[in-house]
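**Student:** One structure is given below, represented as structure tokens, and several questions about it will come after.
The values are calculated or read from the model by the stated rules, or taken from the named source; none is laboratory data. This is a predicted model, so every value here is computed, not measured. Don't worry about glycine lacking a Cβ; one is built from the backbone with ideal geometry, like all the others, and counts go over all protein chains shown.
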Amino acid sequence: MRIAATKCSNTKIKTNMIAAHLEVPSPCVRRCCLTDDDICLGCFRSLEEILRWSESNTSTRQMILEKTRHRHQAYNLRRLNNGDITIQGNDQ
């Protein structure tokens with residue numbers, strides 16, 4: 001009886017992990033390059049976030065994605081301020 005309960009709990013956990021994966025897919029773009037602060041310049045997740053991703057639930061994944069959006073914006077602003085990138089206007 002105890003084994004059945006454990007099996008049921010494991011199945012529920014696996015089902016939740018699969019559901020989280022389907023709801024919030026990985027932002028990985030297969031261009032991994034870590035900064036000195038261990039932030040990937042491909043997906044803008046920290047190394048810790050990358051390692052925890054497969055075990056994270058939907059709300060945790062959404063929080064991670066929100067952080068990645070902020071990191072990506074900050075990265076682009078730094079590059080813009082440093083002259084590494086330019087914004088093309090509608091000058092014709």
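**Student:** Residue check: is Ile64 of a type in the set (A, V, I, L, M, F, W, C), in contact with a helix residue (DSSP H, G or I) (Cβ under 8 Å, 6 or more places away or on another chain), modelled with pLDDT of 70 or more and surrounded by 10 or more Cβ atoms within 10 Å (Cβ to Cβ)?
**Tutor:** In short, yes.
**Student:** Out of Cys43, Cys32, which single residue is in contact with a Cys (Cβ under 6 Å, 6 or more places away or on another chain), surrounded by 10 or more Cβ atoms within 10 Å (Cβ to Cβ), assigned to a loop (DSSP other than H, G, I, E, B) and at pLDDT 95 or above?
**Tutor:** None of the other options fit; the residue is Cys43.
**Student:** Where the second residue is exposed (fewer than 15 other Cβ atoms within 10 Å of the Cβ) and in a helix (DSSP H, G or I) and the first is among the β-branched types (Val, Ile, Thr) and lies in the range 50-68, which pairs have Cβ atoms under 7 Å and are six or more apart or on separate chains?
**Tutor:** Listed by first residue and then by second, the contacts come to Thr58/Glu23.
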